[in-house]
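Report on one structure; see the data block that follows.
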Amino acid sequence: MRPLEQVPRNALVWIIITQFALLLPHVLRVPAWVCAVYLGAALWRAGVYRGQWSFPPAWLRGVLAVTCAFGVYLSYRTVLGLEPTVALLLVAFALKLLELVRRKDAYLLIFLGYFVCTTEFLFSQELPVSLYNLFCVLLLTTSLIALHQPGENTFNRRTIGKAALIMAQALPLMVVLFLVFPRLDPLWNVPLKSQSARTGVSDFMKPGDITRLGLSDEVAFRVQFDGDIPPKSQLYWRTLVMSKLDEGAWRSLRYRDVPVQERRPQDPERSGERVSYEVIMEPTRQRWLFALRYAEPVTSGILRHNDYRLSSPQEIEDEYQYRVNSWPATRLDPELSDWRRQVELALPEEDNPLTRQLAMQFRAETDSDQDFIERVLRHFRQEAFHYTLRPPALGDDPLDDFLFNTRRGFCEHYASAFVTLARAGGIPARVVTGYQGGEINPVNRTVIVHQFDAHAWAEVWYPGSGWTRVDPTAAVAPERVERGLEQALAQEGSFLADSPLSPLRFRGVQWVNTLRLRYDALTYSWQRLVLGYDQRSQYEFLQGLLGKVEPLRLAALLLGSWLLVLLPLALVLWWRNAQHSLSPADRAYRLFCTRLGKLDLGREASESPSGYATRISEQRPDLAGVVWRITALYERISYGAGGQSAPLLASLRREVSAFRPR
């Protein structure tokens, strides 16, 4: 094998380091044996590097490839989907190391590494992931540079500095392309993630579901209001409306469950002050969105439903940004259709008989629907009910068991019991799930809503007033609504009990809390300005910059921005090349040749200094003496034993400076 076809050992070491760096983000989502394949391939290649082993034969590489592909199928029970596809790619990336012999193999491996690097963005696009991927691109570029350094047979750490310089030079162009280059829709759909998305609230609710979310400190979404932030007690983020009780679980009505004439959302008369805000939600793999009471989307493409909730046409697979206007004081459905009344009064006939009897008792004691609701809330306030994340298990009639025996529960227990009592008392009612409250970040004035802010409450219908929010949890634990879950569970000590290292548990430590909030503000800016820079945002940016988005103006902007970025860089590179590529003697001799060239006596590219001097002496005998003096000095400096000595260099400069031929 010719030396130019060999892979330098410096490049081989950088390639192996890069492979493990690219594997690291996937370690927790791929089977453990994939990591073992990486380690085995690296050890085998290191043995070849030391001359202890030989490359595996072709039949063995084929067996390993088939075995690993079958292993992916056994681990995921499929080869379709995002996780198995990425696992196959990682395995191929590792096994390619076993046939890394020539430079062309290294090229293929490095270019495959760039593709592997982008797969991490399919799982997460958060700021730390992006910074780490940028580091992986730096390692890949370092490997590519090391591949073009033949003769580097030892590990050279300085190679990464050259890669960093190249990436720094490309950074301005990358920013221009991000801002200006048209953002096109993907040409294909990525297979859905099966394990990485967080679900949050679901489309059904039974005691214990929201309790589990109360143990999580993950962020559900972030909100930024255009004006003042409403009080925490008014921040009820509606997500789902549950009108159907089936086998102890509350469920949302499906689209086909709603008659055609009831499917179109109503347009009530707006009243009260408008609240405008922007939401950035984390991926949920669901379609529903979060908004305050009676929301109208500003962002196009968002669906409105007849129960006044919002949803997306597609499942939310990545961070999703949208704008909403809400009018919380608006009356919703002041008149109720017969079908809707029947749905919102329906109860299973034989379940929870004691709860029904209690509702009949309260109905007999009151004269109006409002008095009945107040009587139920007074029952929760006066009896020995407790708000807890650790409720006991319930029996076959869970509401009877909760209301008359355990009397300990979370928000879903109280919302479910309240709506059942209201329906048994003849009042249309339904369960609403979502989130309540949120943490205000003083750094950027955003509201951070965590998973532990998940909440369930009720809506009851009054004639003329329409749907009215009633939160039975506030009757038992008013601090939950006013001050948040942490204060409501202060005595119990169950807040984030399963997450002892959560930064939220150290909010009392000033510097820890400051760092946490500043990082969250940075995350919000990243999501809003970078991840949220979609086609609409780009169009608004270009419209503000150009006045009118036209193909000619856009092309001029692209060319102009590229010239603005690349021309100074090209000038700097040319200047550095001109200054540093020639020695002082070379620069003096080039000036000598330039002055002769003005007399049509220019030097040919193939002529040596002595051959050039001979030709000039024959054509211009009058210049022979000075030409040979300058040539002798230049050859002595460049090729003689004296080298770049100061006296010889000074003599050469004097002779060239005085040389003014005519």
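Here, each number is a calculation from the coordinates, and none is a lab measurement. Just so you know, these numbers come straight off a predicted model, no measurement behind them. Cβ atoms come from the backbone with ideal geometry, glycine included; neighbour counts cover every protein chain shown.
Table for the structure above
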{"read-out": "Where labels lie 7 Å past Cα in the beta-carbon direction, separation of A164 and R285 in nm", "value": "4.0"}
{"read-out": "Set of aspartates and glutamates with alpha-carbon distance to K96 below 14 Å, sequence-local pairs under 8 removed", "value": "D105"}
{"read-out": "Pairs of alpha carbons in segment 517-605 whose separation is greater than 23 Å (percent)", "value": "62"}
{"read-out": "Cα centroid separation - segment 359-376 against segment 585-641, whole Å", "value": "113"}
{"read-out": "Residue-by-residue Karplus 3J(HN,Hα) for segment 18-25, coefficients 6.51, -1.76, 1.60, Hz, glycine and proline x", "value": "5, 4, 6, 5, 6, 6, 3, x"}
{"read-out": "Extension gain, E350 back to R323 (0.36 nm per residue minus Cα-Cα distance, nm)", "value": "5.2 nm"}
{"read-out": "Cα long-axis angle, helix 624-639 against the chain (0 to 90 degrees, to the nearest 10)", "value": "50"}
{"read-out": "Segment 225-337 shape via C-alpha gyration tensor axes, a/c threshold 1.5", "value": "oblate"}
{"read-out": "Eligible aspartates and glutamates near K104 by straight Cα distance, threshold 15 Å, same-chain separation 8 or greater", "value": "E5"}
{"read-out": "Footprinting exposure proxy for H413, H305 (fewest neighbouring C-beta atoms within 10 Å first)", "value": "H305, H413"}
{"read-out": "For a label point 7 Å along the Cα-to-beta-carbon line of S271, residues of segment 314-351 with backbone N under 12 Å", "value": "328-335"}
{"read-out": "Cα pair distances of segment 584-658 binned at 10 Å [whole percent]", "value": "20, 57, 23, 1"}
{"read-out": "Degrees between helix 353-365 axis and first principal axis of the chain (Cα, 0 to 90, nearest 10)", "value": "70"}
{"read-out": "Over segment 584-658, relative contact order from alpha-carbon pairs under 8 Å, at least 6 apart, %", "value": "35"}
{"read-out": "Cα-based shape type of segment 517-565, given that a ≥ b ≥ c are square roots of the gyration tensor eigenvalues and the cut on a/c is 1.5", "value": "prolate"}
{"read-out": "Enclosed volume per residue, in Å³, of the convex hull spanned by Cα atoms of segment 497-650", "value": "330"}
{"read-out": "Segment 432-455 and segment 1-55: distance between their alpha carbon centers, rounded to Å", "value": "46"}
{"read-out": "Point-to-point label distance, L559-E5, nm (Cα→Cβ direction, 7 Å offset)", "value": "4.5"}
{"read-out": "Fraction of antiparallel bridges per DSSP, the chain only, in percent to nearest 5", "value": "95"}
{"read-out": "Extension gain, N153 back to R445 (0.36 nm per residue minus Cα-Cα distance, nm)", "value": "99.6 nm"}
{"read-out": "Inter-probe distance in nm under a simple model that places probes 7 Å from Cα toward Cβ, at R662 and W339", "value": "10.8"}
{"read-out": "For segment 379-396 versus segment 130-154, the gap between their alpha-carbon centres in whole angstrom", "value": "61"}
{"read-out": "Computed FRET value (nearest 0.05) for N513 with Q314, which takes r as the C-beta separation and R₀ as 41 Å", "value": "0.65"}
{"read-out": "Rounded FRET efficiency, nearest 0.05, which uses the C-beta distance separating L43 from L569 and R0 of 51 Å", "value": "0.75"}
{"read-out": "Relative pair counts by distance (%), Cα atoms of segment 45-195, 5 Å bins", "value": "2, 7, 12, 16, 19, 16, 13, 9, 5, 1, 0"}
{"read-out": "Pairwise FRET efficiency - D534 versus L24, Cβ, R0 = 45 Å, nearest 0.05", "value": "0.90"}
{"read-out": "The chain: angle of helix 82-95 to the longest principal axis, Cα-based, in degrees nearest 10", "value": "30"}
{"read-out": "Reach of K548 by Cα under 19 Å, taken over aspartates and glutamates that are not fewer than 8 positions away in the same chain", "value": "D534, E540"}
{"read-out": "Under-5 Å amide H pairs with H455, H placed in peptide plane, nonlocal only", "value": "G434, Y435, Q436"}
{"read-out": "Gain upon complete extension [S606, S645; 0.36 nm per residue less C-alpha separation]", "value": "11.3 nm"}
{"read-out": "Two-decimal log10 I(q)/I(0) for the chain, as the Debye equation yields it once each C-alpha is a single scatterer, q = 0.08, 0.11, 0.12 Å⁻¹", "value": "-0.82, -1.19, -1.29"}
{"read-out": "Backbone HN-Hα couplings from phi across segment 420-429 [Karplus 6.51/-1.76/1.60, Hz, Gly and Pro as x]", "value": "5, 4, 5, 5, 5, x, x, 10, x, 8"}
{"read-out": "Cα centre as origin, Lys/Arg/Asp/Glu Cβ charges: the chain dipole, Debye", "value": "4100"}
